[in-house]
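Visitor: Below is the structure I would like to discuss, written out as structure tokens.
What follows is calculated from the coordinates using simple rules that are stated; it is not laboratory data. Only a predicted model underlies this, so the values are computations on that prediction, with no experimental measurement involved. As a convention, Cβ positions derive from the backbone with ideal geometry for all residues, glycine included, and neighbour counts pool all protein chains shown.
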Amino acid sequence: MKIPLYQVDAFTSQVFAGNPAAVCLLEQWIDDDRLLSIAAENNLSETAFLVRGSRNLELRWFTPVTEVALCGHATLATAHVLFNCLGWSEAAICFETRKSGRLFVTRKNGLLEMDFPSRRPFPQRPPDGLLEALGLSGLGTSGRGGSALGASAGDVSARSVSASEVLGSEEDVMIVFENEKTIRNLHLDMQSLNELTCRGIIVTAPGEQCDFVSRFFAPSVGIPEDPVTGSAHCVLVPYWSEKLGKKKLYARQVSKRGGELFCEDRGERVGIAGNAVLYLEGTILI
């Protein structure tokens with residue numbers, strides 16, 4: 001069997017940045033174990049599998065260890081392949097997904113813009129082990145609408161960490177800090193994170209040269225740190241839209257590779273737009 005393979009760097013306009021995703025084109029679905037084996041062999045945070053039927057485009061996403069319900073950067077990568085490599089002539093693409101319904105991607109103002117479900121966060125106490133995994137084991141909890149992290153009077157190291165909220169969402173936990181420097185300097189205990197029951201941990205703060213910054217960690221699904229995470233912005237966008245009082249937001253994910261996202265709060269939906277660039281084209285032989 002020969003499977004066309006593309007590797008695309010998403011949420012960036014240059015290679016070796018953004019989030020790399022593999023896009024595999026199938027004539028029909030093959031068994032899930034084989035899909036997972038391909039994703040593990042690719043060893044990227046996500047591999048997208050696309051089946052082009054006579055009436056629709058069916059899309060699924062796999063990390064190296066499991067299938068996920070929603071993935072932004074691999075959706076953006078798949079749209080980039082359709083538009084720029086396979087000659088898709090229409091202005092928009094509609095993907096049929098198993099767990100997230102129909103997802104639309106549109107060419108708009110030189111970007112690819114995804115229409116995704118909004119996942120508004122809600123107050124939540126920190127899950128057991130979260131503070132230790134963040135290196136905040138000496139911190140207490142208090143505050144309105146959730147759990148705020150504040151240093152105890154005698155904890156000198158903790159005083160360098162700004163107060164923040166802990167919020168829950170459909171799949172992830174989000175911790176909100178006061179400044180970008182804290183986000184960039186966080187060092188997490190991946191083994192402790194791996195023991196948490198949520199999909200992943202979003203950390204975020206106001207940005208110095210953008211509206212907000214974030215990082216995303218999901219070792220429990222095989223992704224210690226995801227370079228740029230579209231699905232996390234389904235949670236981040238409604239939060240920061242309300243916090244900053246604006247619908248259109250410019251965001252950066254400040255991982256080592258880094259990436260930028262142009263976002264819009266649309267109530268029940270969010271717009272997440274970005275660039276993408278092709279890195280590799282080849283064929284899988286199995």
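Visitor: Please arrange T106, T75 by how many other C-beta atoms lie within 10 Å of their C-beta, fewest to most.
Guide: Fewest-to-most ranking of T106, T75: T106, T75.
Visitor: By a straight-distance test (C-alpha under 25 Å), which lysines pair with K246 as possible cross-link partners, with residues fewer than eight away in the same chain excluded?
Guide: K108, K181
Visitor: Count the DSSP beta bridges whose two residues both fall in the chain, then state the antiparallel fraction as a percent rounded to the nearest 5.
Guide: Details: 69 of 86 bridges.
The antiparallel fraction comes to roughly 80 percent.
Visitor: Further, regarding this structure: Determine, for each peptide in 227-234, 115-122, the mean count of other beta carbons within 10 angstrom over its residues, then list the peptides with the highest first. Please list the in-between numbers first.
Guide: Working: 227-234: 29.6, 115-122: 18.4.
Top to bottom by mean Cβ count within 10 Å: 227-234, 115-122.
Visitor: Does region 167-286 come out rounded, prolate or oblate by the C-alpha gyration tensor, with a ≥ b ≥ c the root eigenvalues, rounded set by a/c under 1.5 and, if not, prolate when a/b is larger than b/c and oblate if not? Walk me through the numbers on the way to the answer.
Guide: Numbers: a/c = 1.56, a/b = 1.16, b/c = 1.34.
Oblate, since a/c reaches 1.5 and b/c is not below a/b.
Visitor: Follow-up question, since we're still on this one. Which of the aspartates and glutamates could a cross-linker bridge to K256, judged by Cα under 15 Å and excluding same-chain residues fewer than eight apart?
Guide: D9, E180, E225, D226
Visitor: Continuing with the same structure: Show me the ranking of peptides 252-262, 178-188 by mean Cβ neighbours inside 10 Å, starting with the highest. Numbers along the way, then the final one.
Guide: Working: 252-262: 20.4, 178-188: 15.2.
Packing proxy ranking, top to bottom: 252-262, 178-188.
Visitor: How large is ³J(HN,Hα), in whole Hz, for each residue of region 205-215 in order, when computed from phi with the Karplus curve 6.51 cos²θ - 1.76 cosθ + 1.60 and θ = phi - 60°, using x for Gly and Pro?
Guide: Coupling constants for region 205-215: 6, x, x, 7, 10, 7, 6, 7, 10, 7, 9 Hz.
Visitor: Further, regarding this structure: Pull up all non-local amide H partners of G207: gap of 5 or more, or a different chain, and H-to-H distance under 5 Å with H placed in the peptide plane.
Guide: Amide H neighbours of G207: F212, V213.
Visitor: Turning to a different aspect of this structure: For region 174-185, take each phi angle, set θ = phi - 60°, evaluate the Karplus expression 6.51 cos²θ - 1.76 cosθ + 1.60, and give the result in whole Hz per residue in order, putting x for glycine and proline.
Guide: Taking θ as phi minus 60°, the curve returns 10, 10, 10, 9, 8, 8, 5, 4, 4, 4, 5, 9 Hz for region 174-185.
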